[in-house]
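The values are calculated or read from the model by the stated rules, or taken from the named source; none is laboratory data. The structure displayed is predicted, hence computed values, not measured ones. Please note: Cβ atoms are built from the backbone with ideal geometry, for glycine as well, and neighbour counts cover all protein chains shown.
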Amino acid sequence: MIVSMWMTKNPFTVAPDATIAVAQKLLAGKHIRRLPVVDRRFGLVGLLSTTDIVRAFPKQGRKNGANDPCADRDPAAVAVSEIMHSSPITTTPDAPIEHAARVMRDHKIGTLPVLRNGVLIGVITESDIFRAFVSILDATEDEIRITFDVSSGEDTFAMIATAARAHGVRVKSLMTSLQNDVPVCVVRLAGKQVDALLDELWSSGHRVVNVLRGANGHQVSPPAH
């Protein structure tokens, strides 16, 4: 999956010379938390978040501090450019979504503006990453999700594909990762014979870590031997 599949296209933006009051109204009215700051001549020049505004303009009664540069000023008289994050980290529409997730994690940020040839075309947020992740792993009522250990270098896809064909089962998604340096596979399956495939996997010597059935994730117990 790539960023363009999950990003918000044509996001709301604000100009750097707009006031904080204007930005606040837009954020609240559109129920969003971040605004790309776009200059008509130079394109994307910053990113403004509700957190930036709260830090700059503390709520009434809070003691002002060194981190409150606008505490004594009127939000209607302060420009967005004064408190925005300049030169934000960006991504591209064809970047792998896991790359965007890694950048967010490493830099502890929640949004990446998406640029194509230097022009803002969207934003991708941590919520979008969560939606993409859920789309891969979330099972419907007639599906089963199996997590099992795999041997290093094993062709997991070929093994599952062969078993699925043999039992007339559909492979809805398959992914591999490391759990405590041990390679594991997570596969979503659907079909009337998923239990037969599961029994085969249990008998194959692979350690089945977890089996969940249906949208509510009911745990499936291993067969008694």
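Side notes on the structure shown:
- The set of residues in the range 146-198 being over 23 Å from the mean Cα position of the chain (by Cα) and among the polar types (S, T, N, Q) consists of Ser151, Ser152, Thr156, Thr162, Gln193.
- Met84 fulfils the conditions (1) in contact with an Asp or Glu (Cβ under 6 Å, 6 or more places away or on another chain); (2) farther than 30 Å from Leu174 by Cβ except for a single criterion, (1).
- Among residues of the range 162-175 that are exposed (fewer than 13 other Cβ atoms within 10 Å of the Cβ), those with a Cβ under 9 angstrom from a residue that is assigned to a helix (DSSP H, G or I) and acidic (Asp, Glu), sequence gap 6+ or separate chain, pair up as Ala166/Glu200.
- Hits in the range 176-204 - residues which are touching a residue at least 40 places away in the same chain (Cβ under 8 Å) and of a type in the set (A, V, I, L, M): Val186, Val187, Leu189, Ala190, Val194, Leu198, Leu201
- Leading residue by the ranking (nearest to Pro88 (Cα to Cα)) among those in the range 108-167 that are assigned to a loop (DSSP other than H, G, I, E, B) and polar (S, T, N, Q): Asn117
- Residue in the range 31-53 that is farthest from Glu82 (Cα to Cα), counting only those that are in contact (Cβ under 8 Å) with a residue 40 or more places away in the chain, surrounded by fewer than 21 Cβ atoms within 10 Å (Cβ to Cβ) and within 20 Å of the chain's Cα centre (by Cα): Arg33
- Tally, over the range 116-145, of residues that are closer than 19 Å to Ile32 by Cβ and more than 14 Å from the chain's Cα centre (by Cα): 3
- The set of residues in the range 95-117 being modelled with pLDDT of 95 or more, in contact with a Ser or Thr (Cβ under 8 Å, 6 or more places away or on another chain) and among the small types (Gly, Ala, Ser) consists of Ala100 alone.
- The set of residues in the range 169-210 that are over 14 Å from Ile144 (Cβ atoms), small (Gly, Ala, Ser) and assigned to a loop (DSSP other than H, G, I, E, B) comprises Ser204, Gly205.
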